[in-house]
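Scroll down for the structure; my scribbles are underneath it.
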Amino acid sequence: MNFNAIKITPQQAEIIAQKLFNVSGKSSPLPGYLDLNFRIKVDAGEGFILKISRPDENQEYLDFQQQILRHVARNGNGLIAPKVSIDTKGNAISSFIDDQGNPRMVRLLTWVTGRIWSDVIPQLDDLRHSLGEQCGKLTQALQGFDHPQAHRKFEWDIAASLWTTSHLDLFNEKERKILASFQEDFEMAQSAYIKLRKAVVHNDANDLNIVVSDDLMHPTVKAAIDYGDAIHTQIINDLAIACAYAIMGHNDPLEAALPIVKGYHSQFTLEERELEHLYNAIAMRLVISVTKAAISKREVPDNAYLLVSDKPAWALLEKWYALPTDFAHYSFRQACGFIPHPHESEFKNWAGQNTFRLSELFPTVDQTEAHRLDLSVSSKWLGQQVDFDDLELFQFKMDRLQKKHPDKLIAGGYLEPRNVYTTSEYGRIGNSGPENRTIHLGVDFWLPVGTRVNALFDGEVMTSVNDAGHKEYGGLIILKHKTENFEFFTLYGHLSVASIHKKEVGQFVNKGEDIGYLGHPEENGNWAPHLHFQVILSMLGYTIDFPGVGYFNQIEVWKSICPDPNFLFKSVILQPTKTASNDQLIEYRKQHLGKSLSLQYEVPIKMVRGAGQYLIDQYGRKYLDTVNNVAHVGHEHPAVVKAGQEQMALINTNSRYLHDTINTLAQELLETLPPELSVLHFVNSGSEANELAIRMVKAFTGERDIIASAVGYHGNTNSTIDISSYKFDGKGGQGAPEHTHIFPLPDAFRGKYRGENTGYRYAGEVQIQIDAIHKKGRGLGALIVEPIISCGGQIELPEGFLEKAYDYVRKAGGLCISDEVQVGCGRVGKFFWGFQLHQVVPDIVTIGKPLGNGHPLAAVACTQEVAAKFANGMEYFNTFGGNPVSCAIGAEVLRTVKRENLQEHALQVGEFLKSGLKNLAKDFPIIGDVRGQGLFLGVELVDIEMNPLSDKANYLANRMKDYGILMSTDGPDHNVLKIKPPMVFSRDNAEELLFYLRKVLKEDFMRRY
């Protein structure tokens, strides 16, 4: 049929709606497969959808669609669905004669408001769960409905999908292999598949037929529309179709499918036997889709609707094909609340009736009990990654541990979240960014090279890997065992390659027969000698290896597939130590910690380890840290940690005794400062540093009046709170004290004075405060300001401001304090200190915890003149300020900055990132300003009228956390994203940050304001 010959224009559609249904409105075309569809917008109400059939349409088929909608209206228990409208003659199906003389049938249905599924970004788990719920409710509502047309032959019916086998010639060799594999599996399963429950189902929950609410923060599925594909078929097919379309475009389609399955099951209970066929049913819907598209490319090339899902369907088919069928099945079971592996309980019962001794596994080892070794991400014994990578050190520690427990076998590891699997084969990009396999699925037994390993049970060799470079195990044997009711497998990894040469696949091994000997480290990935022992209930299609480590988000399935070996040995010591849940930690904090102690993020994270630019949670997930400038040279930098440990082992006392480290730190620090700033005092925090600076001001000038910036923050002591507008002008504050004088935030973007050449005008505001002090008959003590105002929103001081303000202050007899707590130590890139950006030299510089990389260490640098007047007879003593441990750490931090060229690194990476952020601003106008220097940047979000978008900034920070990137907001309106990561933050990290920022900025909530 000529598609153009039967077209209807929007103007014609308006006339038809008016004439047949007495509905007046504006018409706009909609996509459709068989019908020609038009939305009719009316002045009042939600409007309608006008559906005009092709000339050859079957009226009984249209009646079927109308009847099913009426059934849903009667039995849907609140389900939203299009409602049937009656024409002016009382008919549910109307008709007219088109310009070609063809009779055309017409239906008018009520319009369901909302957004089409394909228009919604992002499609998160909650939304997909609601899709499953909606589809499950609809299936429940359709129970008992039938119609002759429900039993028609229909090519889109998954049950009839094997028609696709006759069209394999339309595809290339790679494509045919994938399609044929699914077709063969589906055909093999027919005897069981045809016995599954059947009913009339919607059968077409695709991304154009699902309506989603307009709620941008928490969208839910409102309705399924277009019942034209409804059919009497296996009920599981309906869920398969919902999954097939909703999981397109996801890196991990199985993970994306699980909320849909769970939601469907919550409304319409699925049977276990149905879940056995869901994987294949999803695949076969995709097979139909790509086959229909291939045919349509040849037959109807001008109908774009027929091809809309072709590319994403192929991308999904390839991922689905790579997925182990059984793993998908077990995951579906878990989502529905069933035990993931059907034989898990049987195995546990069998194991509970049989006890096996460790001596049966290791016949030459005397130890009969085990001592658990903790190698989890939280392990203090493990130390840093560099310690683990040092094989000699690790082996030395292991030998020491064995000597401490001579009568026990060192073992452990089951379900431990480990952070030691760092190579690329352990990682992937999931639906929420980078993720690694971290959950250890077996037990490790640490024993000497050459220790004999026996088979625990009679079994057949399934895998015998003699590859010294094998990525997870080195020498590997997997045995298959059979009981009366089920089969299982045992895995023996890290054996010597030579010892397993005699074991061939298919060979029978008797219980107690040796299967190999523990290998050297070079045979098993440079691990210390040990046996990795694992119980497996399904091989998932693996033949030459099997995963020994799993992803945390799949842990419930993996621990069912690979049950705890302790069921065999009854050694509870091998199980990981249970720790308090995050909810328990939060509850304890609420009861016993200060009420003002806040937590980051709407859903807080527990962090247990740091490494460079990453923080790592208790499950081993790595988060890219873009906000922790305190860990200046990287979280737990090995050289810094070592410096502190070594000095702590010697002595840690106060500065009244002579020691080298305080002089060493002083020398390292003075080398970075102008010669005028030649006297140092060491303290414990930035707050203490600013507190001491205020005391110096009072001693030098005899005055108490301090000028500071609006929204400035300088510490948490009484005196520093008194000069911190960020605190006393904020929630709970009581305004500026008598001796504090606040000038406007020198913000050239959205402040009192805007644009270029505002520096002198803001400096004039400092002079106004000086004049106000003089009018009160008092003199000026000091001006304190950050070179880039952090809590104010990463505000770069306008050009000329600081130079002119310093001039005004000094003419008034005051001192100039540069608060470098946030921006110092090379972070701004172009210079080591922020004040150097403005070609000035302060009288006092305060330096904070970045100097100690998080260790309590800070400093005050001042001129000889200030130091002399401060030394007025009242001794300044700080018990821990300048202690040997802190000084050793601080000196190593400064050496690391120089040795690793981190200042230049901050300049290069910072400029790259800043440029990338400005490019984002071109595409996303809500980014009003990008500012800062080096690795101290701010991104301000505003609307077209320059109003702050704090809700957008908060949303963005929380969504970035979902992708494993830690961000935070700041500024008086909390609408500024602050970026001040550890200085080892790399260009690759910057590219990752930009990639996910772009991804989140595309989301509905970010795009609409």
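The values are calculated or read from the model by the stated rules, or taken from the named source; none is laboratory data. Predicted, not measured: the structure shown is a model, and the values here were computed from it. Counting neighbours? That spans all protein chains shown, and the Cβs are built from the backbone with ideal geometry, glycine included.
Report yes if residue 251 is surrounded by fewer than 22 Cβ atoms within 10 Å (Cβ to Cβ), modelled with pLDDT of 95 or more and in contact with a strand residue (DSSP E or B) (Cβ under 8 Å, 6 or more places away or on another chain), otherwise no. Reasoning before the result, please.
Details: surrounded by fewer than 22 Cβ atoms within 10 Å (Cβ to Cβ): yes; modelled with pLDDT of 95 or more: yes; in contact with a strand residue (DSSP E or B) (Cβ under 8 Å, 6 or more places away or on another chain): yes.
So residue 251 passes the test.
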Some residue of the stretch 350-371 being modelled with pLDDT of 90 or more and of a type in the set (Lys, Arg): no
The stretch 592-627, residues that are of a type in the set (A, V, I, L, M, F, W, C) and in a loop (DSSP other than H, G, I, E, B): 593, 597, 599, 603, 605, 627
Within the stretch 397-454, tally of residues that are farther than 24 Å from residue 610 by Cα and among the basic types (Lys, Arg): 5
Selected residue (only one of 300, 308 is out of contact with any Phe, Trp or Tyr (no Cβ under 8 Å at 6 or more places or on another chain), at pLDDT below 95 and not assigned by TED's automatic domain parsing to the domain that holds residue 554): 308
Sole residue being touching a His at 6+ places or on another chain (Cβ under 9 Å) and either touching a residue at least 24 places away in the same chain (Cβ under 8 Å) or under 30 Å from residue 257 (Cβ atoms) (or both), chosen from 515, 500, 561, 478: 561
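Okay, residues lined up against (1) in contact with a Leu (Cβ under 6 Å, 6 or more places away or on another chain); (2) under 26 Å from residue 206 (Cβ atoms); (3) part of a loop (DSSP other than H, G, I, E, B); (4) not small (Gly, Ala, Ser):
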{"residue": "8", "(1), (2), (3), (4)": "yes, yes, yes, yes"}
{"residue": "15", "(1), (2), (3), (4)": "no, no, no, yes"}
{"residue": "29", "(1), (2), (3), (4)": "no, yes, no, yes"}
{"residue": "50", "(1), (2), (3), (4)": "yes, yes, no, yes"}
{"residue": "67", "(1), (2), (3), (4)": "no, yes, no, yes"}
{"residue": "112", "(1), (2), (3), (4)": "no, yes, yes, yes"}
Residue under evaluation residue 78, criteria (1) over 46 Å from the mean Cα position of the chain (by Cα); (2) assigned to a loop (DSSP other than H, G, I, E, B); (3) without any contact (Cβ under 8 Å) to a residue 60 or more places away in the chain, criterion not met: (1)
Per-region count, the stretch 751-771, residues surrounded by fewer than 20 Cβ atoms within 10 Å (Cβ to Cβ) and under 27 Å from residue 870 (Cα atoms): 2
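Only one of 684, 663 is without any contact (Cβ under 8 Å) to a residue 12 or more places away in the chain and in the same structural domain as residue 869 (by TED's automatic domain parsing). Can you tell me which? Break it down stepwise before answering.
Details: 684 fails: without any contact (Cβ under 8 Å) to a residue 12 or more places away in the chain.
Unique residue meeting the criteria: 663.
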Unmet requirement for residue 237, which otherwise passes all of (1) part of a helix (DSSP H, G or I); (2) farther than 30 Å from residue 181 by Cα; (3) touching a Lys or Arg at 6+ places or on another chain (Cβ under 8 Å): (2)
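Do we have any residue at all in the stretch 393-411 that's part of a loop (DSSP other than H, G, I, E, B), over 20 Å from residue 546 (Cβ atoms) and touching a residue at least 60 places away in the same chain (Cβ under 8 Å)? Steps first, please.
First, the residues of the stretch 393-411 that are part of a loop (DSSP other than H, G, I, E, B): 405-407.
So of that shortlist, the ones also over 20 Å from residue 546 (Cβ atoms) come out as 405-407.
Okay, now just the ones that are also touching a residue at least 60 places away in the same chain (Cβ under 8 Å), so none.
Taking every residue of the stretch 393-411 in turn, none turns out to be part of a loop (DSSP other than H, G, I, E, B), over 20 Å from residue 546 (Cβ atoms) and touching a residue at least 60 places away in the same chain (Cβ under 8 Å).
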Residue list for the stretch 210-227, filter: surrounded by fewer than 21 Cβ atoms within 10 Å (Cβ to Cβ), in a loop (DSSP other than H, G, I, E, B) and not acidic (Asp, Glu): 213, 216, 217, 218, 220
The one condition in (1) buried (at least 20 other Cβ atoms within 10 Å of the Cβ); (2) of a type in the set (Val, Ile, Thr); (3) at pLDDT 95 or above that residue 339 fails to fulfil: (1)
Residue within the stretch 916-935 that is of a type in the set (S, T, N, Q), surrounded by fewer than 21 Cβ atoms within 10 Å (Cβ to Cβ) and touching a helix residue (DSSP H, G or I) at 6+ places or on another chain (Cβ under 9 Å) present: yes
Options 721, 706, 694; residue that is within 40 Å of the chain's Cα centre (by Cα) and outside the structural domain of residue 973 (by TED's automatic domain parsing): 721
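Rundown of residues vs (1) buried (at least 17 other Cβ atoms within 10 Å of the Cβ); (2) not basic (Lys, Arg), yes/no style:
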| site | (1), (2) |
| --- | --- |
| 498 | no, yes |
| 502 | no, no |
| 512 | no, yes |
| 559 | yes, no |
